[in-house]
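Here is the structure we will look at, set down as structure tokens.
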Amino acid sequence: MSDVFSPKALKIYISGMVQGVGFRPFIYKLARANSLTGHVKNTTEGVSILAQGNDESIQTFLSNLRSEAPPLARIFEIKTHKANPNGLSQFKIVHSQKSGEKSALILPDMSTCDDCLIDIAEPTNRRYQYPFTNCTNCGPRFSIIKNLPYDRPETSMAKFKMCTQCQSEYDDPENRRFHAQPNACPNCGPQLSFWNNSGTEIAQKLDALIWTIDEICQGKIIALKGLGGFQLICDARNSVAVNTLRKRKNRPAKPFALMVKNLQMASSLCEMDPNEISILTSPEKPILILKSKQNVMFTQQVAPGNPNLGLMLPYTPLHELLMSGLGFPIIATSGNLANEPICIDEAEALERLGQIADGYLIHTRPIVCPVDDSVVRLMAGKKMILRRARGYAPFPIQVKEGLSSILATGAHLKNTITVTRKNQFFMSQHIGNLDSELSAQTQQTVSQDLIQMYDLNVKSVACDLHPDYQSTTFAKSLGLPLYPVQHHIAHIWSVIAEHHLPLPVFGLSWDGTGLGVDNTIWGSEFFTINRQGWKRTAHLKPFKLPGVDLGAKEPRRSALGLLFTLMGNDVFDLPLVQNSFKDFELDVMKTMFESGTNIHETTSMGRLFDAVSFISGYNQKTQFEGQAAMDLEFSIDDYSSDISYPITVHHENGKHVLDWTPMVETILHDVNSKISRKKIAYKFHESLSNMIGVVSELVDINTICLSGGCFQNKTLLEQTIHKLRLKNFKVYWNQDIPINDGGISMGQAAALYYGGQKECV
């Protein structure tokens, strides 16, 4: 806070999450409690207050601003200036100021508060069983906003004229619905309808909800228009329904998320500690990854071969009413085909989900910004956001210095975009993989929307180094100064920005693939980063990868490339290889290796995981990204002994090269000796965490950053953190920013902002 003043009149400017959270009525009540006169209003920058009174009252008012603020409010900064008293006789809430620089925050959508849940459960309440009940402490924000400031005319609720009772609530500073922009009731607000898969209306209002419940009980798949987009839902107990959904959605094996009725049901399905319960029941109510109890309440087809479940609680009144009517777990997955963005309106849903859904539960409140469900996991005792969307986006990361506006276009997979404004980084909601034209269009729309909402004058664009990524193509199309940032460097800068770390740092960036500055495929990178730039300090010994895209989908290819690098043409005589490829495939592979056609050099840790997973007994092909590596992690038994495989470190061309040769040779020996896959998996993970410790001691830097998709592996991350801390290193990793490619855009923006995209020669 700035210097303390003791005048009779004070101008107070507050920035942060202070609009749409009941902040003005809080100020109104606090001012009156302290016998102050003046006014409070929303501005494009935040909240502005004129406070008049005696010195003691003003000082008490200032000291209580932070300590008694509404539960959803977050104050970044309070500025105070002396003012001239203007003779006001009372304290008022005045109309929003729409002029000036747009620096107020766009708020995330928040789950239904306890008071609103009571309203919809009470038969005498006028909002009894109304699916769009909300107040200033909950409900839609980001998904309905068109522009700042956050007032009803700038939202998709503008089309709904409030009835007399709702308007009275909206105008009353003592009411918890004061200036709740989505405020509505059954008489004046959005309504439900149920459509068949031809788009014909079958039922309205609560009858539509009853019809939906009946359809789900009959094993049907329903497309539900939710808070930020459509969801596909069905009975999680019904294996036929779940398998049908998998087939129609083209999602053969990737786990589905479950929605459960309440915490009691969640506890019956999964193991939870107090921290996990706190996350699951938080106002954000994300999908939380939990250890499954393998309960019979759901079919094993929900998460085949996976010891974990993604669970979420109802987060809107519509979900609450639906789950109360069903009383059993449901699949609640994104309303899209694989690799496409979620649908947000009825016409789009009919067209794109017509071959998936048997019916549609829709409503009349338009969705402006598509927002998927967030995914969170507790790792190393900390909440880690793996997919940042509903409840979290687009809340900013604060930095100390100001900067000109930057747009960062992110990675190809798990795409997000980031825009900057002065000392704030705004990372978008999860967009997804950019494999389709629809996804590319969504990325452009999301970028344009954030730039427009904040009225930004973007001066430069950061993108991935890979020239063929859709995100790079989009960046080039803008015609602005372009700054490519190497993929793995962006990962490390996302950690630096999130934790406000001083330089230098030692960064570990481990993932599947990313184009290196030498035009090879990187993925097991150790960097030193200082004010002069970055330097690649260590990496895995390179190995051959036959086909980048197919290599990611077929662990057998990663294994073949690894073993070819180890053994040369003798690899084709191995029974493991002969049994995994057809004769004509082996002929093609031999030709590829002889000619070098579509053979790439890689240091990818992700592909090493795939190769070891395959060698130790995994299937030849994956059905979703990271499946082979996940399978290897899940096969670990609880071994407590410090057993591992040998990895040698040697110095080559100014870098530490981590030679996996002795490790792979020993793994082959263990496989031939019928050592259990569980033990092989454990030893492999131990080897990697030990290797990190060895390399870290070779560099005279105490601060270590961990990032990249490989560190979504709970065993690897927690082992690594534990061992580094035993060596007295300070360890940081992504928590509020996704550790996977969802955090790349944040890292690109940070690298450009700090000048950290440059390689030190």
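Among the conditions (1) of a type in the set (S, T, N, Q); (2) closer than 21 Å to residue 697 by Cα; (3) in contact with an Asp or Glu (Cβ under 7 Å, 6 or more places away or on another chain); (4) surrounded by fewer than 24 Cβ atoms within 10 Å (Cβ to Cβ), residue 509 misses just one, which is (4). Only residues that are part of a strand (DSSP E or B), among the small types (Gly, Ala, Ser) and within 23 Å of residue 389 (Cβ to Cβ) were counted in segment 201-253, giving 1.
A quick yes/no check of all residues on (1) over 19 Å from residue 538 (Cβ atoms); (2) among the basic types (Lys, Arg); (3) within 25 Å of the chain's Cα centre (by Cα):
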residue: 694; (1), (2), (3): no, no, no
residue: 701; (1), (2), (3): no, no, no
residue: 712; (1), (2), (3): yes, no, yes
residue: 725; (1), (2), (3): yes, yes, no
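Being closer than 20 Å to residue 708 by Cα, surrounded by fewer than 22 Cβ atoms within 10 Å (Cβ to Cβ) and not assigned by TED's automatic domain parsing to the domain that holds residue 202 is the requirement here; does residue 383 meet it? Here the answer is yes, as residue 383 does meet what is asked.
Could you check residue 341 against (1) surrounded by fewer than 23 Cβ atoms within 10 Å (Cβ to Cβ); (2) modelled with pLDDT under 95 and say which number it fails? Status for residue 341: all satisfied but (1).
In the set 434, 456, which member is part of a loop (DSSP other than H, G, I, E, B), without any contact (Cβ under 8 Å) to a residue 40 or more places away in the chain and outside the structural domain of residue 337 (by TED's automatic domain parsing)? After ruling out the rest, the residue left standing is 434. Within segment 630-688, being touching a Pro at 6+ places or on another chain (Cβ under 8 Å) and in a loop (DSSP other than H, G, I, E, B) holds for 645, 646, 647. Residue 537 meets the conditions (1) on the phi > 0 side of the Ramachandran plot; (2) assigned to a strand (DSSP E or B); (3) of a type outside the set (D, E, K, R) in every case but one. The failed one is (1). When residue 390 is tested against (1) under 23 Å from residue 252 (Cα atoms); (2) part of a loop (DSSP other than H, G, I, E, B), just one condition goes unmet, and that condition is (1).
Could you tell me whether residue 89 is under 28 Å from the mean Cα position of the chain (by Cα) and among the small types (Gly, Ala, Ser)? Against the criterion (under 28 Å from the mean Cα position of the chain (by Cα) and among the small types (Gly, Ala, Ser)), residue 89 does not qualify. Could you please let me know if residue 378 is surrounded by fewer than 21 Cβ atoms within 10 Å (Cβ to Cβ), within 16 Å of the chain's Cα centre (by Cα) and farther than 20 Å from residue 302 by Cα? For residue 378, the condition - surrounded by fewer than 21 Cβ atoms within 10 Å (Cβ to Cβ), within 16 Å of the chain's Cα centre (by Cα) and farther than 20 Å from residue 302 by Cα - is met. Considering segment 86-105, and only residues there that are of a type outside the set (D, E, K, R) and at pLDDT below 65, the residue that is farthest from residue 424 (Cα to Cα) turns out to be 99. Within segment 536-544, one or more residues are more than 29 Å from the chain's Cα centre (by Cα), at pLDDT 95 or above and among the polar types (S, T, N, Q).
For segment 711-741, residues that are in contact with a His (Cβ under 6 Å, 6 or more places away or on another chain) and surrounded by 23 or more Cβ atoms within 10 Å (Cβ to Cβ) total 1.
Just a yes or no: is a residue in segment 180-199 within 23 Å of residue 43 (Cα to Cα) and at pLDDT 95 or above? Among the residues of segment 180-199, at least one is within 23 Å of residue 43 (Cα to Cα) and at pLDDT 95 or above, which makes the answer yes. Hey, can you tell me all the residues within segment 120-139 that are within 18 Å of residue 365 (Cβ to Cβ) and in a helix (DSSP H, G or I)? Passing the criteria: only 120. Number of residues in segment 280-324 that are touching a Leu at 6+ places or on another chain (Cβ under 7 Å) and of a type in the set (S, T, N, Q) equals 5.
Filtered by the rule that a residue be among the hydrophobic types (A, V, I, L, M, F, W, C) and over 17 Å from residue 411 (Cβ atoms), segment 479-510 gives 480, 496, 501, 503, 505, 506, 508.
Here residue 354 meets the list (1) of a type in the set (Gly, Ala, Ser); (2) closer than 29 Å to residue 218 by Cα; (3) touching a His at 6+ places or on another chain (Cβ under 9 Å) almost entirely, failing just condition (3).
Suppose we filter segment 584-604 for residues that are under 38 Å from the mean Cα position of the chain (by Cα), polar (S, T, N, Q) and surrounded by fewer than 19 Cβ atoms within 10 Å (Cβ to Cβ); how many remain? Final tally of qualifying residues: 2.
All conditions in (1) at pLDDT below 95; (2) part of a helix (DSSP H, G or I); (3) within 23 Å of the chain's Cα centre (by Cα) hold for residue 301, with the sole exception of (3). On the basis of being crowded, with 21+ Cβ neighbours inside 10 Å and more than 30 Å from residue 702 (Cα to Cα), does residue 547 make the cut? No; evaluated as a whole, the condition is false for this residue.
The values are calculated or read from the model by the stated rules, or taken from the named source; none is laboratory data. Note that the structure is predicted; figures quoted are calculated from it, not measured. With ideal geometry, Cβ positions are generated from the backbone for all residues, glycine too; neighbour counts draw on all protein chains shown.
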